[in-house]
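Peer 1: My questions will all concern the structure given below.
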Amino acid sequence: MNVLVLNCGSSSLKFQLIATGLEQIADNADRRLAHGQIERIGGAAIITFTAENRQTERSAAPVRDVRAALETVLRWIASDSSNIEGINGLADIQAIGHRVVHGGEFFTESVLITDEVLRGIEDCIELAPLHNPANVKGINAAREIFGRALPQTAVFDTAFHQTLPEKSYLYAIPYQFYRRHKIRRYGFHGTSHRYIAYRYRTINKIARENVNIITLHLGNGCSIAAIKNGNSMDTSMGLTPLEGLVMGTRSGDIDPALIEFICAKEGLTVNEAESLLNKQSGLLGISGLTNDMRELAAEAAESGDRRAILAIEIFCYRAAKYIGSYLAAMNGADAIIFAGGIGENSALIRRKICDYLSWCGAQLDEAKNEAQTAGHENIISADSSKLKIYVIPTNEELLIARDTVRLIETGSPQQKNLPTK
Ligand code: AMP
């Protein structure tokens, strides 16, 4: 089955075309056929398309909205010039899987999209006003173009964390705000944490309920999850993706009272302060240079820039503190796993985080850490290490494609409490 995986953002559309099926899943033999993205939708868009094993095609063109972006992608997929293996036209796309950011408390797993499901996603818009509207537009555009007969699924960033117990998802604010407005911690990057946990148990040939690990998704956005008996029991992102680790441009944890303080001192509105915490903080804010870890590491190494070094120090210190707190919350774990652009590629960051962890029996094998190459799953701890350390490249798109196949083959779970209108 060829599944088109769509990730529609407010000004971008990313896609992958993946050939998969129950047999391929069992053999880990799914294949990506093509991928690409359209950025700066709404203006002069930048278009990047790649058919596997072929040269990337880059172009620029005005693209009005999400629907126009999807039409541009589909025209390319169907064209002779794209030369995608096994694809002769749109009829060769058998399903679409959408990445949806927020599923609130409605969605605890992936679902086939129906009118009722779509209403549920719309109801989550107030929880993710920047993200869910774009997801809804993507779903509607695909339904208009392909009709209702083509199966479409929604895979939620929040769903994996719906197993969080109350003690980790409730904020210590008056309880009625949870009841009235559903203010609580939801967590994000759930598809990534779930994929990493799935690969860990596959590599080690263990049952889901024996998975006791801490997963670190360290990319431009960063989060960490405590996975006990196969379920997410805590994670660092909260009501929004702002909470938790230091990220490229997000502050992560702060004292909430500083918002009022900054507003008063700098003459900002609350909206402006929130934007500052989301877009001008984190690695960028501390270094004053860049949100890009690779550039920061180069700057620190080549010129010894004090603030670049400081940004890296704070990033690693915060990550290590979270690992320590999750080890306490879980009563110990079997492994910590690095993923995401930074987690997969930066031996320096992995080493600096692991330097804090000798107390709990985590011992990095320096040579394996340095030898780790992008795209490979590896153990990088010493043989004697009590707490194992892994690098497992994440693959959210693959999991979305696999969920889509499973839902089509085995049916959608009943969703409870969906809004009725
Ligand atoms: P992602 O959001 O997962 O694509 O990750 C993006 C982040 O990964 C950026 O901060 C990149 O600088 C970082 N990254 C990618 N490759 C490397 C590398 N070799 N060393 C350090 N950071 C890297």
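Peer 1: Mind listing just one residue for me: the one in the stretch 284-299 that is open to solvent by 40 Å² or more (accessible area, probe 1.4 Å) and closer than 16 Å to residue 349 by Cα and, of those, farthest from the ligand (Cβ to nearest atom)?
Peer 2: 299
Peer 1: Out of curiosity, is residue 381 more than 16 Å from the ligand (Cβ to nearest atom) and either more than 21 Å from residue 234 (Cβ to Cβ) or in contact (Cβ under 8 Å) with a residue 60 or more places away in the chain (or both)?
Peer 2: So residue 381 fits the description; yes.
Peer 1: Go through the stretch 311-322 residue by residue and tally those that are within 16 Å of the ligand (Cβ to nearest atom) and farther than 22 Å from residue 164 by Cβ.
Peer 2: 6
Peer 1: Taking the stretch 323-370, which residues are away from the ligand (no atom under 16 Å from the Cβ) and under 21 Å from the mean Cα position of the chain (by Cα)?
Peer 2: 323, 326, 335, 336
Peer 1: In addition: For residue 281, state whether it is within 14 Å of the ligand (Cβ to nearest atom), over 21 Å from residue 169 (Cα atoms), open to solvent by less than 40 Å² (accessible area, probe 1.4 Å) and among the small types (Gly, Ala, Ser).
Peer 2: For residue 281, the condition - within 14 Å of the ligand (Cβ to nearest atom), over 21 Å from residue 169 (Cα atoms), open to solvent by less than 40 Å² (accessible area, probe 1.4 Å) and among the small types (Gly, Ala, Ser) - is not met.
Peer 1: Run down 197, 225, 264 and say which single residue is more than 16 Å from the ligand (Cβ to nearest atom), surrounded by 17 or more Cβ atoms within 10 Å (Cβ to Cβ) and not in a loop (DSSP other than H, G, I, E, B).
Peer 2: After ruling out the rest, the residue left standing is 197.
Peer 1: Looking at 67, 119, can you tell me which residue is basic (Lys, Arg), out of contact with any His (no Cβ under 6 Å at 6 or more places or on another chain), within 28 Å of residue 183 (Cα to Cα) and in a helix (DSSP H, G or I)?
Peer 2: The unique qualifying residue is 119.
Peer 1: So, one more: Please go through (1) more than 16 Å from the ligand (Cβ to nearest atom); (2) more than 30 Å from residue 169 (Cβ to Cβ); (3) in a loop (DSSP other than H, G, I, E, B) for residue 238 and return the number of the only condition it doesn't satisfy.
Peer 2: Every condition holds for residue 238 apart from (2).
Peer 1: Considering each residue of the stretch 102-122, count those that are open to solvent by 20 Å² or more (accessible area, probe 1.4 Å) and either more than 16 Å from residue 400 (Cβ to Cβ) or under 20 Å from the mean Cα position of the chain (by Cα) (or both), and give that number.
Peer 2: Qualifying residue count for the region: 9.
Peer 1: Under 7 Å by Cβ, and 6 or more places apart or on different chains, what pairs join a residue from the stretch 161-190 that is farther than 15 Å from residue 234 by Cβ and outside any loop (DSSP other than H, G, I, E, B) with one that is open to solvent by less than 30 Å² (accessible area, probe 1.4 Å) and modelled with pLDDT of 95 or more?
Peer 2: 178/184
Peer 1: Considering only the stretch 327-376, state which residues are among the aromatic types (Phe, Trp, Tyr), closer than 17 Å to residue 312 by Cβ and open to solvent by 50 Å² or more (accessible area, probe 1.4 Å).
Peer 2: If the condition is that a residue be among the aromatic types (Phe, Trp, Tyr), closer than 17 Å to residue 312 by Cβ and open to solvent by 50 Å² or more (accessible area, probe 1.4 Å), then 356 is the only one that fits.
Peer 1: Something else about it: Looking for whichever is open to solvent by 20 Å² or more (accessible area, probe 1.4 Å) and free of Cβ contacts under 8 Å to residues at least 12 places away in the same chain here; the options are 254, 206. Which one fits?
Peer 2: Sole residue among the options that is open to solvent by 20 Å² or more (accessible area, probe 1.4 Å) and free of Cβ contacts under 8 Å to residues at least 12 places away in the same chain: 206.
The values are calculated or read from the model by the stated rules, or taken from the named source; none is laboratory data. On a predicted model such as this, the values are computed, not experimentally measured, just so you know. Neighbour counts are summed over all protein chains in view; Cβ atoms, including those assigned to glycine, are modelled from backbone coordinates with ideal geometry. The area values use the complete protein model at the heavy-atom level, side chains included, leaving out ligands, DNA and RNA. Shrake-Rupley method; radii C 1.70, N 1.55, O 1.52, S 1.80 Å.
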